[in-house]
Amino acid sequence: MSIRQASVTAPVNIATLKYWGKRDKNLNLPTNSSISVTLSQRDLRTLTTASASPTFAEDKLWLNNKPESLDTPRTQACLADLRALRLQLEESDPQLAPMSTWKLHIVSENNFPTAAGLASSAAGFAALIYAVAKLYELPQSHTELSKIARRGSGSACRSLFGGFVAWEMGSQTDGSDSQAVEVAPLEHWPSLRAAILVVSDAKKDTPSTSGMQLTVQTSDLFQRRIEDVVPRRFDEMKKAIVAKDFAKFAELTMKDSNQFHATCLDSYPPIFYLNDTSRRIIKLVEQVNADGVVAAYTFDAGPNAVIYYDEKDESKVLGEIYKYFSGVDGWNGKKFDDVAEEQIPGVSRVILTSIGGGPQVTSESLIDEAGLPKSAKSV
Ligand code: PMV
């Protein structure tokens with residue numbers, strides 16, 4: 001039986017200049033450009049094996065050991081784009097296997113617990129697109145592939161690169177210039193670290209798509225943000241990254257997180273992603289920065305905090321966080337002297353990680369010779 005397969009890993013990215021707002025929901029075209037830092041795949045990554053065979057009866061996906069539907073408009077759009085590119089190759093070289101017509105079996109796993117409450121759609125879609133692109137031996141660049149990932153989940157386009165990444169919003173109506181590009185590689189600033197504080201929350205967050213739509217339709221502050229603030233910040237943040245100016249990078253990151261959440265509050269009815277624990281973490285970072293900015297918080301569409309800092313300031317930044325969260329999981333044996341009498345409640349674990357590289361091909365396969373998930377639980 002002829003089964004072709006390719007396996008890759010792809011990283012999580014956390015925006016420092018937020019994407020919030022779609023000008024085209026179907027193509028996932030944003031109302032503003034954004035910038036992110038790619039996190040290390042040692043701690044957070046999706047591993048995906050994509051396989052194709054003339055014997056497969058239908059497209060199938062297994063996610064974290066469970067069968068999942070591929071039948072969503074976004075995933076279908078991604079697969080259609082990838083198949084169209086493969087067909088172009090096959091038409092130019094009749095020797096190639098007609099994989100564009102074969103069904104796909106895709107198996108995907110995260111190395112971080114789903115219970116951690118971290119959005120995994122960016123790494124998931126980036127891995128899916130990259131795995132199928134490798135399987136199909138597509139010659140397209142990462143920037144070209146980012147446009148396909150964008151259709152799966154907007155923020156996924158930025159996970160096609162490591163280091164510091166910009167998603168240029170573009171101006172074309174067909175999305176042909178709405179793509180991710182590298183601002184600086186991992187090697188430019190490898191000492192950048194990230195501490196993620198996983199904040200527990202009872203209620204389900206407003207999904208990003210409907211949240212964005214509500215903000216675009218109802219927030220006045222949002223107009224000011226996309227017309228004036230973000231275009232300015234986009235240039236300033238790229239400059240701060242190139243100059244490795246942490247204080248400036250941090251100021252822009254924190255202000256942008258605050259403004260994104262302000263536009264959520266300015267939506268009608270308002271959307272709340274931050275909770276009391278998130279706000280206490282903001283105050284804590286302010287305390288750390290009291291005599292010089294060494295840490296930057298940022299929050300996405302949920303209460304979890306990501307705190308960026310440079311390795312040289314680790315004992316200052318982590319030491320202060322440890323004081324209030326020494327009892328939670330994830331310190332990996334790290335210990336600091338001071339522990340506050342009163343701990344801040346509401347954090348379930350810390351994840352200590354760093355800036356990381358882009359997607360990679362791996363020899364670790366999740367699919368057996370029969371084209372089924374290797375893990376017994378998965379079938
Ligand atoms: O691509 P989505 O739908 O997961 O939206 C991501 C939106 C934010 O995480 C809040 C910001 C961003 O730029 O990643």
Exercise. Tell me, what HN-Hα J-couplings in whole Hz come from the Karplus equation 6.51 cos²θ - 1.76 cosθ + 1.60 at θ = phi - 60° for each residue of the range 162-174, using x for Gly and Pro?
Worked result: x, x, 10, 10, 10, 9, 7, 5, x, 10, 6, 6, 8
Seminar exercise, completed: By Cβ neighbour count within 10 Å, fewest first, 142, 188 rank 188, 142
Problem set entry | Linear extension gain, residue 342 paired with residue 93, 0.36 nm per residue minus alpha-carbon span | 82.8 nm
Exercise. How do 157, 78 line up, fewest other C-beta atoms within 10 Å first?
Worked result: 78, 157
Exercise. So what's the back-of-envelope 222 nm ellipticity for the chain, counting only DSSP H runs of four-plus at -39500 (n - 2.57) apiece and dividing by all residues, rounded to 500?
Worked result: -10000 deg cm²/dmol
Problem set entry | Distance-filtered residues of the range 1-40 - backbone nitrogen under 14 Å, label point 7 angstrom along residue 56 Cα→Cβ | 2-8
Seminar exercise, completed: Residues whose built amide H sits under 5 Å from the amide H of residue 24, excluding neighbours closer than 5 in sequence, are 29
Problem set entry | Hydrodynamic radius (Kirkwood) for the chain, which is based on Cα pairs only, to one decimal in Å | 21.5
Seminar exercise, completed: By Cβ neighbour count within 10 Å, fewest first, 215, 75, 38 rank 75, 215, 38
Exercise. In terms of modelled amide H atoms, which long-range or inter-chain residues lie less than 5 Å from the amide H of residue 354?
Worked result: 40, 194
Seminar exercise, completed: In whole Hz, the Karplus estimates of ³J(HN,Hα) for the range 45-62 (6.51, -1.76, 1.60; θ = phi - 60°; x where Gly or Pro) are 7, 10, 9, 10, 10, 10, 9, 9, 7, x, 8, 6, 8, 8, 5, 9, 9, 10
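Compute the relative contact order of the range 82-151 as a whole-number percentage, counting only Cα pairs closer than 8 Å that sit 6 or more residues apart in sequence.
Relative contact order comes out at 39 percent.
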Problem set entry | Stokes-Einstein translational diffusion, the range 315-379 - Kirkwood Rh over all Cα pairs, 0.692 mPa s, 37 °C, in µm²/s | 210
For this session: Report Rg (one decimal) and Dmax (nearest whole number) for the range 132-290, counting Cα atoms only, units Å.
Result: 17.6, 53
Exercise. If you plug each phi of the range 336-343 into the Karplus form 6.51 cos²θ - 1.76 cosθ + 1.60 with θ = phi - 60°, what whole-Hz ³J(HN,Hα) values come out, in order, with x for Gly and Pro?
Worked result: 10, 5, 7, 10, 6, 4, 9, 7
Seminar exercise, completed: Set 18/316; 18/239; 18/204; 25/147; 66/134, cut-off 19 Å on Cα-Cα distance; pairs above it are 18/316; 18/204; 66/134
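Under the definition of Cα pairs under 8 Å and six or more residues apart, what whole-number percent is the relative contact order of the range 192-354? Spell out each step's value before the answer.
On the way: 229 pairs, mean separation 59.7, N = 163.
RCO, the range 192-354: 37 percent.
Bear in mind these aren't lab numbers, they're just calculated from the coordinates by the rules spelled out. What you see is a predicted model, and the numbers here were worked out from it, not measured in a lab. All Cβ positions, glycine included, derive from the backbone under ideal geometry; neighbour counts span all protein chains shown.
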